[in-house]
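Below are the structure tokens for one structure; questions will follow.
Taken together, the values in this text are just the output of simple stated rules run on the coordinates, not laboratory data. The structure displayed is predicted, hence computed values, not measured ones. Counting neighbours? That spans all protein chains shown, and the Cβs are built from the backbone with ideal geometry, glycine included.
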Ligand SMILES: [Zn+2]
């Protein structure tokens, strides 16, 4: 099934090759056969992973970091993972500064009253009760606001009308996020009263896009909210016709030490059990939708993949550790807590991957392995190729929560998903379960199952440094 499904598209793929040009390390035949069987099983009908997302988003729903709902999600996940027969299921608790929206309203008051669809940005401070009311000043980019004088902004409400570019790899987001992060501080510095940004994201519905700004209280910045794209267009048209006054009312709730935590479940290894193959996702979500693509899908993918491996007749040699990180959305706090807790055994982490880019098909496989381990990277790319996955380079980002592991030298991969539509849904009320395509989701489970199994069972040293000419892993 695997071959008939995907093989024709692959002609010529390997001619691309990597710049380092090490040939693929050999994979023992029984390991390759098992990896292929895992992929076929996932494609033919992974039920566990998809059901995990469905149940999480239905039974728990939105899971704002530090909230009672995130705590319920942890309890739910612990129960679920135990029922799935994972071992060493546990929580590693930590606390975070909590923020949540209470009131978020905006309206045009002059030239004539009309309401606007907004959502407060995470970390925003509150306006005085009843809101702030002032004339708008519009900027077309974050750079234009940063170049503006206090005179232009003082006493006004900033309208930052910068659009985001749609890309397959999501690179438009990194650029767009700068306005979300910095608008409030730049506004306050110039004496402005509040900032309204055009929503980050690529959809054109009347849905605003939330996400973290630099915490207002900490950086002395004022209130900030995102306008839906049609509302931003409306304001721009109104301003072409004359001065516009708006009222923005944001009320928030904050707390110092709210509970959060990382959920961990394992498939214990055998003779190399102390070596950790980590696959992760984040359990928290923003509160507008139900966190299905961000990041319920990622959790379903890694849980589904680990479960397929756990069902094999014998466990792989290394321990597979599934980590459902908490409080990712509010500053990658779970990723940091994990690294702090495991600081003394990070060298035992031999591999890490994180699924946090929705449920779209993986189209390219990138690694960040040692120079001497490129043959292993090539071998993994060959195994994944029948899934329609192209070989990528050796500069993988890994994922948000495993960033600290990457910086500590843990080998990581990025199974890069098609993100063309991701920012139509991400952080909006439309991030719901129905948006997941089961076939694309299962392709992800297949890839995660195969690569995780191979890394756990071969015992390959993915940190391996470069060797003298002619002694690469490909020639072993
Ligand atoms: Zn995410």
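Report, in degrees rounded to the nearest 10, the 0 to 90 angle that the Cα long axis of helix 374-384 makes with the longest principal axis of the chain.
For helix 374-384, the angle is close to 80 degrees.
For segment 393-443, how big is Rg over Rh, using alpha carbon atoms and the Kirkwood form of Rh?
Radius of gyration over Kirkwood radius for segment 393-443 works out to 1.07.
By how many degrees, between 0 and 90 and to the nearest 10, does the Cα long axis of helix 171-189 differ from the longest principal axis of the chain?
40 degrees
Over all directions, the average projected area of the alpha-carbon convex hull for segment 32-110 comes to how many nm²?
Approximately 10.1 nm², given one-decimal rounding.
Rounded to the nearest 5, what % of the DSSP beta bridges within segment 112-243 are antiparallel ones?
The answer is about 20 percent antiparallel.
On average, how much area does the Cα convex hull of the chain cover when viewed from any direction, in nm²?
23.2 nm²
What do you get for the angle between helix 297-310 and the principal long axis of the chain? Use alpha-carbon atoms, 0 to 90 degrees, nearest ten.
Approximately 20 degrees, to the nearest 10.
Dividing the alpha-carbon radius of gyration of segment 70-124 by 2.2 N^0.38 Å (N being the number of residues), what value is obtained?
2.04
Calculate, in whole percent, how much of the Cα-Cα pair population of segment 112-243 lies beyond 17 Å.
55 percent
I need the peptides 318-326, 224-232, 452-460 ranked by packing, meaning the mean over residues of other C-beta atoms within 10 angstrom, with the highest value on top.
Final packing ranking: 318-326, 224-232, 452-460.
Of all DSSP beta bridges in the chain, what percent run antiparallel (nearest 5)?
60 percent
Of all the Cα-Cα pairs you can form in segment 382-476, what percent are over 22 Å apart?
46 percent
Hey, another quick one. In Å and whole numbers, how far do the C-alpha atoms of segment 157-219 stretch along each principal axis, longest first?
37, 22, 16
Which whole-number percent is the relative contact order of the chain (Cα, under 8 Å, 6+ apart)?
24 percent
What Rg and what Dmax come out for segment 239-374 when only alpha-carbon atoms are used, in angstroms?
Rg, Dmax (Cα atoms, Å): 20.0, 74.
Given contacts defined as C-alpha pairs under 8 Å and at least six residues apart, what's the relative contact order of segment 112-243, whole-number percent?
With pairs under 8 Å counted, the relative contact order is 33 percent.
Related question: Nearest-5 percent of antiparallel DSSP beta bridges in segment 261-406?
Percent antiparallel among DSSP bridges in segment 261-406 is about 25.
Can you put 344, 75 in order of Cβ neighbours within 10 angstrom, beginning with the fewest?
344, 75
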